[in-house]
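Undergrad: Structure provided below as structure tokens; questions to follow.
Quick note: the coordinates plus some simple rules give every number you see, no bench work behind them. It should be emphasised that the depicted structure is a prediction, and the values quoted were computed from it without experimental measurement. Cβ coordinates were reconstructed from backbone atoms using ideal geometry, including for glycine residues, and neighbour counts include every protein chain displayed.
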Amino acid sequence: MFSGIVETTSEIVRLTRSRGILTISVKTPKGFHARRGDSVSINGVCSTVVGGSRGTIKFEYMPETLRRTNLGELKVGETVNLERSLTPNSLLGGHFVSGHIDTVGRIRRVSREGDSKTLEIAVPKTFFPLVAPKGSVAVEGVSLTVVEKSKDGFSVALIPYTLSHTNLSTKRVGGDVNLEFDIFAKYLKEMLKFFPYAATRKGERR
């Protein structure tokens, strides 16, 4: 479990593929301690440390992860967001983020207002019920607030601190971003499947 408050960023130094497995190695940031078996969020994806040497940390990803995320599009030299998993005494500065990506969204517009930026992101319609204005969403592992909901997506605002401490400052129109919607909204959506009349007026059938 994570909070969506990115600790640091790092650079990809090596990418390899073998028998369907993608292995990503990143530089170990100063003061970022991660041991084999630890969980680390990379661009919002819950990842297991499988090794590392000479100042690097290594992770592996199976085909299912690559189908649901944008990790397969990454290239050597790109910057990724890193966050270690929460502990019982961690501050929860963002919101509960599981690291299980729901879908990939596409940036359709980037606008600037002063020193801040706004990203407009298109998402598949099946995820629309999980988007709420002023609700929480994780974009590339960053805990953000939905500014507005549109007919085919939503927008988020990025303050200067977020732009300087995450990789969201590098995102451009047409780029894909990992999205994880609020965990409570997802459970509520599933629960409503067992109460077919919960969303209608009393006594009114669909």
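Undergrad: Which of rounded, prolate or oblate describes the stretch 1-114 when judged by the alpha-carbon gyration tensor and an a/c cut-off of 1.5?
TA: rounded
Undergrad: Ok, one more. Take the alpha-carbon centre of the stretch 90-169, take the same for the stretch 1-36, and report the distance between them in whole Å.
TA: The two parts, judged by their Cα centres, are 22 Å apart.
Undergrad: Shifting gears a bit: Taking amide H atoms as placed 1.01 Å from N in the peptide plane, list the residues 5 or more away in sequence, or in a different chain, whose amide H sits under 5 Å from that of Ser47.
TA: When sequence neighbours closer than 5 places are left aside, the close amide H contacts are Val40, Ser41, Ile42.
Undergrad: Taking a ≥ b ≥ c as the square roots of the Cα gyration tensor eigenvalues, with a/c under 1.5 meaning rounded and otherwise prolate when a/b beats b/c, else oblate, which class fits the stretch 103-189?
TA: Cα axes put the stretch 103-189 in the prolate bin.
Undergrad: Net charge within 13 Å of Glu83 by Cβ-Cβ distance, Lys/Arg positive one each and Asp/Glu negative one each, not counting Glu83 itself?
TA: So the surrounding residues net to -3.
Undergrad: Quick check: the angle from helix 183-192's long axis to the longest principal axis of the chain, C-alpha only, nearest 10 degrees?
TA: Approximately 40 degrees, to the nearest ten.
Undergrad: Using a/c under 1.5 as the rounded threshold, could you call the stretch 108-150 rounded, prolate or oblate? The axes a ≥ b ≥ c are square roots of the C-alpha gyration tensor eigenvalues, and prolate needs a/b larger than b/c, oblate otherwise.
TA: Taking the square roots of the gyration eigenvalues as a ≥ b ≥ c, the stretch 108-150 is prolate.
Undergrad: I've got another one for you. Taking springs between alpha-carbon atoms closer than 10 angstrom, which of Arg84, Arg68, Arg36 fluctuates most in the Gaussian network model of the chain?
TA: Top of the fluctuation ranking is Arg36.
Undergrad: Taking neighbour counts of Cβ atoms within 10 Å as a proxy for exposure, in what order, fewest first, do His165, His33 appear?
TA: His33, His165
Undergrad: Given a cut-off of under 8 Å on Cα pairs at least six residues apart, what relative contact order in percent is computed for the stretch 8-84?
TA: 39 percent
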